[in-house]
Amino acid sequence: MKLDARIPSGAIAEKWDKHRFEMKLVNPANKRKHSVIVVGTGLAGASAAASLAELGYSVRTFCYQDSARRAHSIAAQGGINAAKNYQNDGDSVYRLFYDTVKGGDYRAREANVYRLAQVSVNIIDQCVAQGVPFAREYGGLLANRSFGGTQVSRTFYARGQTGQQLLLGAYQALARQVSAGKVEHHSRTEMLDVVLIDGRARGVVTRNLVTGEIRTWVADAVLLCTGGYSNVYYLSTNAMGCNVTAAWRAHRRGAGFANPCFTQIHPTCIPVAGEEQSKLTLMSESLRNDGRIWVPKKADEKRRPPEIPEGERDYYLERRYPSFGNLVPRDVASRAAKERCDAGYGVGTTGYGVYLDFKDAIDRMGQNAISERYGNLFQMYEKITGEDPYQTPMRIYPAPHYTMGGLWVDYNLMTTIPGLHALGEANFSDHGANRLGASALMQGLADGYFVIPYTLGHDLATADLPTVSENHEECRRTEEEARQRVERLLSIDGKRTVDDIHRELGRLMWNEVGMSRTREGLKKTIARIPELREEFWKNVTVPGSGEHLNQSLEKAGRLADFLEFAEVMARDALEREESCGGHFREEHQTEEGEAMRDDDNFSHASVWEWKGENQAAELHKETLEFEHCKPTQRSYK
Amino acid sequence: MRFTLKVWRQNGPGDSGRFVEYAAEDISSDSSFLEMLDRVNESLEAEGEEPIVFDHDCREGICGACSMMIDGYAHGPERGTTACQLHMRHFKDGQTITLEPWRVRPFPVVRDLMVDRSAFDRIIESGGYVSVNTGSAPEANLIPIPKDIADDAFDSATCIGCGACAASCPNGSAMLFVSAKVHHLNSLPQGEPESLKRTAEMVMRMDEEGFGNCTNHGECEVACPKEISMRNISRMNRDFVRSSLLARVFGSNGNS
Amino acid sequence: MGWFSAFYGSSIGKKTVVAVTGLAMIGFLVGHMLGNLQVFAGRGPTPEETKLNEYAELLRMEMGLLWAMRLGLLTALVLHVVTVIKLRGENRRARPQNYAVQRYQSANAFSRFMMWGGIALLAYVVYHILHLTMGVAHPDLFEPHHVYDNVIHSFQKPLIAGVYVLATVALYFHLYHGVVSAFQTLGVSHPRHLQNVRVLGHALAVVIVVGFVSVPVGVLLRVVS
């Protein structure tokens, strides 16, 4: 596997312009003849499909949901960053670039991040023109807030539903192209494999989730916009259907998988209530602006929170990080909560929770002010837990939320398989080892609206594209493999349900490849996963048939891929002998328990190559150069 | 807690369907309604039976996938709440709960409690967008929009497209869904140039899909998990009359 | 007329027609009611000098105008009824299968009995025309051009008065939801205006109903004779 990042030469601020000029264009008359498949219709997929269709390409889109509008981008709450500097507070493209590289703990590719910061301003223009109702000031201009501990206000937002509004904008742009006949959309259709012909991605195999029909679609290029893999933990803030299948199937066909161990654990989620829990709910990070986090000083505290006197409370973030206090970055806040709970100070029935207390803020500003800021979040909390956060502190606990790792892509967003591109959370490119708040929406839309429309043209203009049909031998073969896999899943007839095995995998991954990882635990996990995989293939039960809508079968196929993926994730975590961003290895910490990066040995993206079933994946490295952002140890004391 | 579920089971659009009773035993009051169903389903799966099919995805009330009539209420008895955000503590121990799919002709049953809502997508495709190509947008702050107008547009834009409005309407009308999108876009300066054409085409598409007509029962507004107001409907009526009558009488063709 | 059939073909177009024809009929009802109240002026020295009869003669002065009005009303009524039947058909088709359990939360007696109220009113209108316009329902109680006597004699029969009172109850339900819906259909959407419309709906319904019901009740209670 050869890793050529294809970073354009020249000064960082000019790379993208220069590259756009140097890339080949597709003749306008020929665009119609090029077909493109887009898998996934979240922010990245919908924006890419709409933009490519506007350019004239013939686009086919697929999503597993019943409508393109339901992709999980819709759940993003906080906002979207852009270097508009509307607040005149010192923001710039360069500062957004710098913050993102630093926030990613120096494990991202500088050139990509710079481009991201550059196009961020266009995203806001585009979305406003689509009618996205961003928050505004009384003067009618766009409002901004500071988010996730940045020192400038560069986050644009639409109440707590920014992801929804941006996705609906992209979905509507897509709908417009569907009605123009430029996009053919397929809902309730899941991608099962990618078809390679002469080494190039030329199509996908899909299963129609309603009829069970498995078939091939050919195209000149394939875009995977299929999101992240947080559901490897079973419980996460991802939607129930989010899965790694598309990315993993591409990986098995030769696409390198980069940094799978870089996962983000969000500190402010509603804690797990019991065994039946299927899903975790995020409470916006903005709550930490006014809430104070604490646990009792006494382990096994039985008193209700208001009865615990001030002196017997441990405001551990304020204690450990006096200068940032409750506003430390996500990874730091999450680990600190885990540390307290592991030590026995956690609250709630499970002992895995900490208090997020608004009493001081309510005393200071009044209940109305708090309700104006967080009313909908407080309401949501009460809906789920049945407790009133105005009266008693919220209980929160970290939860898997976003995955920085993903398919390795070059500067053009192409994976190691020619013709196969990965956009949005599905790729690894821009967030390094930790993503800043309000940057996921920015990256998804940057890739879809402003990067791929250019870079895909270059790929199509320079590729050798002989005509192929669905009857090509490779299509038939790939399709047949997918069919056999479905049949195999249906024929096991074991005892354990898919969810039961998924829960076990999730617990294992959460405990050993979660917020903090140890060499020993990882080794144990790497040994355990193949056993669990075997258990799955021997003892899972998938009722029903493959010829109709079968949700058990859908879940089983996804879990089968998670069971393979989990192993490389654990191996990646073991291989990376340092602590950086969301990856914390207990062996690599300072005496105060802070993460210790090892820039001499690990300033690279780890890219894994599939070597076959039950074969160890091979590790490749893309060395990361930092010309502009010189790595420093993050300190929030 | 324990519950008796009367669940509508239907193998596909051609099947006639029937109610089947299930017992949900040992349910925590903290679990959500869908988690309670998960549990019933897992016990069915463990016995090799096919689980109850229902749409769901984000489980935090925003994707709009979940959709079922719970004991006669779209999304259940709690106001402003999707089925996935409904918790069992709101039910009585031992209660019998009836579950049915959305019943509107343009939403044919796919299986059990799952329906096909692609009619909503087709309505959006008919005009629920602003015609702006990527790259051609002007600077975002060029057009100031008064805060109250932006906030009002947002209120309409929060629609999650779940279909509860049409499902709960005694007439099977989708006016709340359509008007929310029409008003969101028509009220903003970016959407104004196409407003009359948009209204006319979306209403036409809505009719072609076979939804019923609004007779102002107001069930949609109460069932809407995002509490979208029926005001949108009257605003759309006005825009529609403007687009199809006045514009033509006075010789203009709307703004198409 | 291409645009009209397109407009009428749409759901909102049909609703607009129902609203406009409904409002037109309300306008007629107000006039009719004011005319009816002349009965309380009592009996004049001669039938010709009786206020109510004078009013009836006034209407007949210009037969052309009367028939134009009658035709207009008939058109409004037919359009109203036919359109409602069409809408009703569409609504039934949109909901081919009912829920085993459905609990209404906002739909109320007013909105749910529009159809039954409308049918009752239609039946009543036919009876009313047969009774007091054509005089064929109760020939024994009818004498052409003696409107006042006809009214008094009829309403002294509790059964006939009862029918008229019941009809006004149906009218009340139909009118209230009708007025509010008409304004909603015609695009009144501001919450303050909507509140006013609701008040107006009730007020109009109450005034018209009280106006109408006062006649049979007044006769029955011998306020006029």
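Points worth noting:
- Evaluation of C:H80 against (1) open to solvent by 50 Å² or more (accessible area, probe 1.4 Å); (2) in a helix (DSSP H, G or I) (one fails), failing number: (1)
- So B:G135, is it open to solvent by less than 30 Å² (accessible area, probe 1.4 Å), outside any strand (DSSP E or B), facing chain A (nearest Cβ under 8 Å) and not acidic (D, E): no
- Test: C:A182 is small (G, A, S), touching a Pro at 6+ places or on another chain (Cβ under 7 Å) and surrounded by 18 or more Cβ atoms within 10 Å (Cβ to Cβ): no
- Among the conditions (1) farther than 30 Å from A:A333 by Cα; (2) more than 11 Å from chain B (Cβ to nearest Cβ), A:F147 misses just one, which is (1).
- Some residue of region A:146-162 being on the phi > 0 side of the Ramachandran plot and of a type in the set (K, R): yes
Each row is one residue, and each column tells you yes or no for (1) within 12 Å of chain B (Cβ to nearest Cβ); (2) among the β-branched types (V, I, T).
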| position | (1), (2) |
| --- | --- |
| C:E143 | no, no |
| C:Y148 | no, no |
| C:G162 | no, no |
| C:L166 | no, no |
| C:H174 | no, no |
| C:V179 | yes, yes |
| C:A182 | yes, no |
| C:S189 | yes, no |
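- Boolean, A:L287 is closer than 21 Å to A:L441 by Cα and either of a type in the set (D, E) or buried (at least 19 other Cβ atoms within 10 Å of the Cβ) (or both): yes
- Checked against (1) in contact with a Cys (Cβ under 8 Å, 6 or more places away or on another chain); (2) of a type in the set (G, A, S); (3) closer than 23 Å to A:R188 by Cα, B:G128 passes all but condition (1).
- Options B:E60, B:E35, B:E47; residue that is surrounded by fewer than 22 Cβ atoms within 10 Å (Cβ to Cβ) and free of Cβ contacts under 8 Å to residues at least 60 places away in the same chain: B:E47
- Taken over region C:24-49, the criterion of being assigned to a loop (DSSP other than H, G, I, E, B), touching a Ser or Thr at 6+ places or on another chain (Cβ under 9 Å) and open to solvent by less than 80 Å² (accessible area, probe 1.4 Å) is satisfied by C:G42, C:G44.
- Residue list for region A:309-345, filter: polar (S, T, N, Q) and within 27 Å of the chain's Cα centre (by Cα): A:N326, A:S334
- So C:L52, is it surrounded by 16 or more Cβ atoms within 10 Å (Cβ to Cβ) and part of a helix (DSSP H, G or I): yes
- When A:G375, A:G437 are checked against the criterion of being assigned to a loop (DSSP other than H, G, I, E, B) and either more than 19 Å from the chain's Cα centre (by Cα) or buried (at least 22 other Cβ atoms within 10 Å of the Cβ) (or both), A:G437 stands alone in meeting it.
- Only one of the numbered conditions (1) in a helix (DSSP H, G or I); (2) aromatic (F, W, Y); (3) under 24 Å from A:K102 (Cβ atoms) is not met by A:F626, and that is (1).
- Some residue of region B:164-185 being polar (S, T, N, Q) and within 9 Å of chain A (Cβ to nearest Cβ): no
- Criterion: open to solvent by less than 10 Å² (accessible area, probe 1.4 Å), outside any helix (DSSP H, G or I) and among the aromatic types (F, W, Y) - qualifying residue of A:Y390, A:Y411, A:Y381: A:Y411
- Region B:76-102 - residue that is within 21 Å of A:S187 (Cβ to Cβ) and either among the small types (G, A, S) or touching a helix residue (DSSP H, G or I) at 6+ places or on another chain (Cβ under 7 Å) (or both) and, of those, surrounded by the most Cβ atoms within 10 Å (Cβ to Cβ): B:A83
- When restricted to residues that are part of a loop (DSSP other than H, G, I, E, B) and not hydroxyl-bearing (S, T, Y), region A:164-213 contains 10.
- Only helices (runs of 4 or more DSSP H) whose full extent lies in region B:149-245 are considered here, and the ones with at least 2 residues that are within 20 Å of B:A74 (Cα to Cα) and charged (D, E, K, R) are B:219-223.
- Cβ separations smaller than 6 Å between residues 6+ apart or across chains give the following pairs from region A:1-24 residues that are among the aliphatic types (A, V, I, L, M) and at pLDDT below 95 to residues that are open to solvent by less than 70 Å² (accessible area, probe 1.4 Å) and not in a loop (DSSP other than H, G, I, E, B): A:M1/A:E609; A:M1/A:H620.
- The set of residues in region A:115-128 that are open to solvent by 10 Å² or more (accessible area, probe 1.4 Å) and either facing chain B (nearest Cβ under 7 Å) or acidic (D, E) (or both) contains only A:D125.
- Residue pairs whose Cβ atoms lie under 8 Å apart, sitting 6 or more positions apart in sequence or on different chains, and linking a residue in region A:520-539 that is within 10 Å of A:A570 (Cα to Cα) to a partner that is open to solvent by 80 Å² or more (accessible area, probe 1.4 Å), are A:G521/A:N511.
Here's the yes/no breakdown for (1) assigned to a strand (DSSP E or B); (2) not basic (K, R):
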| residue | (1), (2) |
| --- | --- |
| A:N238 | no, yes |
| A:H251 | no, yes |
| A:T268 | yes, yes |
| A:P271 | no, yes |
| A:K302 | no, no |
| A:S334 | no, yes |
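- When B:E25 is tested against (1) farther than 25 Å from A:Y381 by Cβ; (2) free of Cβ contacts under 8 Å to residues at least 60 places away in the same chain; (3) in contact with a strand residue (DSSP E or B) (Cβ under 8 Å, 6 or more places away or on another chain), only condition (3) is not met.
- Residue list for region B:63-73, restricted to those being open to solvent by less than 10 Å² (accessible area, probe 1.4 Å) and within 14 Å of chain C (Cβ to nearest Cβ): B:S67, B:M68, B:M69, B:I70, B:G72
- Condition broken by B:V203, with the remaining ones in (1) of a type outside the set (D, E, K, R); (2) open to solvent by 10 Å² or more (accessible area, probe 1.4 Å); (3) without any contact (Cβ under 8 Å) to a residue 40 or more places away in the chain satisfied: (2)
- Taking region C:1-23 as the range and being of a type in the set (A, V, I, L, M) and outside any helix (DSSP H, G or I) as the test, only C:M1 passes.
- Comparison of B:D38, B:D57 shows that the only residue that is more than 14 Å from chain C (Cβ to nearest Cβ) and out of contact with any Lys or Arg (no Cβ under 8 Å at 6 or more places or on another chain) is B:D38.
- Number of the exception - A:N243 against (1) farther than 19 Å from A:L563 by Cβ; (2) in a loop (DSSP other than H, G, I, E, B): (1)
- Odd one out for A:S51, checked against (1) within 11 Å of chain B (Cβ to nearest Cβ); (2) outside any helix (DSSP H, G or I): (2)
The values are calculated or read from the model by the stated rules, or taken from the named source; none is laboratory data. Here the structure is a predicted model, which is why all the values come from computation and not from measurement. Cβ coordinates were reconstructed from backbone atoms using ideal geometry, including for glycine residues, and neighbour counts include every protein chain displayed. These accessible areas exclude ligands, DNA and RNA; they are computed on the full protein's heavy atoms, side chains included. Shrake-Rupley method; radii C 1.70, N 1.55, O 1.52, S 1.80 Å.
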